[in-house]
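A short write-up of the structure that comes next.
Every number in this text was worked out from the coordinates using simple rules, so none of it is lab data. Note that the structure is predicted; figures quoted are calculated from it, not measured. Here the Cβ is made from the backbone with ideal geometry for all residues, glycine too, and neighbour counts use every protein chain on show.
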Amino acid sequence: MSSEEIKNLTPKHVWNYFYELTQIPRPTGHMEAITRFVKDFGEKLELETLQDEAGNVLIRKPATRGKEACRTIILQSHLDMVPQKNHSVNHNFLTDPVDAYKDGDWVTARDTTLGADNGIGVALAMAVLSDTTLEHGPVEALFTVNEEVGMDGAFGLKPGFLRGRTLINCDSEEEGQLFVGCAGGTDMNISFQFKYDNRLPENDVAVKLSLTGLKGGHSGVDIHLGRANANKLMFRFLKEAVAGYGARLSSIEGGSMRNAIPREAFAVITIPEDNADILWEMVSDYRELYRAEYAGVDPDIQFTAEKVEMPATLIPEEVQDDLINAIEGCQNGIAGMLHDFPGTVESSSNLAIVLSSPGLIEIKILVRSSSESRKASVCSALESIFSLAGAKVEFGGNYNGWQPNIQSPILHLMRQVYHDLYHKEPPVKVMHAGLECGIIQGIYPDMDMISIGPDLQFPHSPDERVNIPSVARVWDFMRTTLERVS
């Protein structure tokens, strides 16, 4: 099926806009083309279109006749997407469109992330702005930039930019569920600095280790699935290879995005030639071990070794050992659960990136929690591990969680609308992933907020897909809500 065939899906105008978004490269940090597209869209509709200093775009649509006195509803979504592909895939996220296609009841992409996070939210808002058949009060569509790394757009919002005080965030990923809170997050940036060791062991051979085939996924919404972390698995192997068989580490490259569970890791090591055969056996044994441990969760783990040319330098032995021990001891995954919302993760950490370059090893960890004190506790524990290993630890990108309000007027209205449409009560939940709502709440303390979205699976990974029937239901839900706002 070709990409253009998704334009024939229902509701047609939503999918037409989503298709247009797939044709515009929009990884985080490269917002020029997509913001220009959205601004042109608003201006062609002759709607008030603004852009703030942070790059966020706001489009205002007046109320339909007789609805002028209704409260203003803000539809909010972010324009950027996570650029993830497998190591062997030839795709340039700065120039190439996403090759989206229909696969049964789902839309997915060939070998890359799809960008339904948050392209579907953007498409839904665009459909509202362009639809002349809807009856609604005043609508503001807020399209934020650079959400996936740093939430820069939300942090850049200024008081007074938004007129409305009721916001529907369109960035959640479970249709039929109403989200009223989310986790906050903190970035940990860890570094080891050193001078390379130029003394290569005699009679060593060089080997490249490749750990691939993991599912990865969103480090918030998928963290409870127990998927393998490529960095943790690679260093688990390295510890035995170094301690037991004299291996030395020359370089390491694991993970690529702070908010994605790492799917691949690569290391170049040297090992005494006499132990090379043992290393090959170890790689095979660990591959089978990892597959057994993650059977049913990550069944396609690949772990291979190949001889390569000897590297020019090695990481100093003491730095290598400290790094391996720190990574082995680093907490990764779920750190606590919420008692008030059973089945919801309260706190977690994602060992996202381990990357060596000349004289430097960089490690990036994203800590999430809906409790500020618990977030600080997890960060402190991780800081202690890496500080003891001699690393420099810095914190950045901190954002607060979104605190639930079960008395929310928009929650009350949307629960009733959902019940009337589908004759059942929608679950009310808190999301472990970070939404911009928490930041917006800090800038607009009186903002009444809720988050909705269609079924979206495996965001931040090449397996990302969005459910077609659920998009239609979310459109009906949103349209009916706007019609009933008083």
Exercise. Counting Lys and Arg as +1 and Asp and Glu as -1, what is the net charge of the other residues whose Cβ lies under 12 Å from the Cβ of residue 336?
Worked result: +2
For this session: Compute the signed sum of charges (Lys and Arg +1, Asp and Glu -1) over the other residues within less than 9 Å, Cβ to Cβ, of residue 116.
Result: -2
Seminar exercise, completed: In whole percent, the Cα-Cα distances of the stretch 186-398 spread across 5 Å bins from 0 upward as 1, 7, 15, 19, 19, 15, 12, 6, 3, 1, 0, 0, 0
For this session: Rank the residues 356, 377, 348 as a footprinting-exposure proxy: fewest other Cβ atoms within 10 Å of their Cβ go first.
Result: 377, 356, 348
Exercise. Can you list the HN-Hα couplings for the stretch 272-282, worked out from phi with the Karplus curve (6.51, -1.76, 1.60; θ = phi - 60°), rounded to whole Hz and with x for Gly and Pro?
Worked result: x, 4, 5, 9, 4, 5, 5, 4, 4, 5, 4
Exercise. What does the helix-only formula give at 222 nm for the chain: each DSSP H stretch with n ≥ 4 adding -39500 (n - 2.57), the total divided by the residues, and the result rounded to the nearest 500 deg cm²/dmol?
Worked result: -9500 deg cm²/dmol
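Can you pull out the GluC sites (Glu not before Pro) in the stretch 147-215 that DSSP calls coil and that have at most 12 other Cβ atoms within 10 Å? Write down the numbers at each step before the final one.
Numbers: sites: 147, 148, 173, 174, 175, 202; in loops: 147, 148, 173, 174, 175, 202.
Qualifying residues, ordered by number: 202.
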Exercise. Among 8, 345, 58, which residue has its Cα positioned farthest towards the positive end of the charge dipole of the chain, with +1 placed on the Cβ of Lys and Arg, -1 on the Cβ of Asp and Glu, and the dipole taken about the Cα centre?
Worked result: 58
For this session: Before anything else, pin down the relative contact order of the chain: Cα pairs under 8 Å, at least 6 apart, normalised by residue count, whole percent.
Result: 24
Seminar exercise, completed: For residue 392, counting only lysines whose alpha-carbon sits under 26 Å away and dropping same-chain residues fewer than eight positions off, the answer is 195, 232, 239, 364, 375
For this session: Would you list which lysines come within 25 Å of residue 44, measuring only between C-alpha atoms, while excluding same-chain residues fewer than 8 positions from it?
Result: 7, 12, 61, 67
Seminar exercise, completed: Of the residues 136, 373, 166, the Cα lying farthest along the dipole of the chain towards its positive end, which is defined by charges on the beta carbon of Lys, Arg, Asp and Glu, belongs to 136
Problem set entry | Sparsely packed GluC sites (Glu not before Pro) within the stretch 1-102, loop by DSSP, other Cβ within 10 Å at most 13 | 46, 53, 68
Problem set entry | Neighbourhood net charge (11 Å Cβ-Cβ; Lys/Arg +1, Asp/Glu -1) for residue 246 | -3
Problem set entry | For peptides 418-428, 127-137, 432-442, sequence by mean Cβ density within 10 Å, most packed first | 432-442, 127-137, 418-428
Exercise. Where the only charges are on Cβ atoms (+1 Lys, Arg; -1 Asp, Glu), what is the dipole of the chain about its Cα centre, to the nearest 20 debye?
Worked result: 1340
For this session: Run the dipole for the stretch 186-398 about the Cα centre, Lys and Arg Cβ at +1, Asp and Glu Cβ at -1, nothing else charged, and hand back the magnitude in debye, nearest 20.
Result: 680
Exercise. Once phi is turned into ³J(HN,Hα) by the Karplus curve 6.51 cos²θ - 1.76 cosθ + 1.60 with θ = phi - 60°, what whole-Hz value does each residue of the stretch 205-218 show in order, with x for glycine and proline?
Worked result: 10, 9, 9, 9, 9, 10, 10, 9, x, 6, 6, x, x, 6
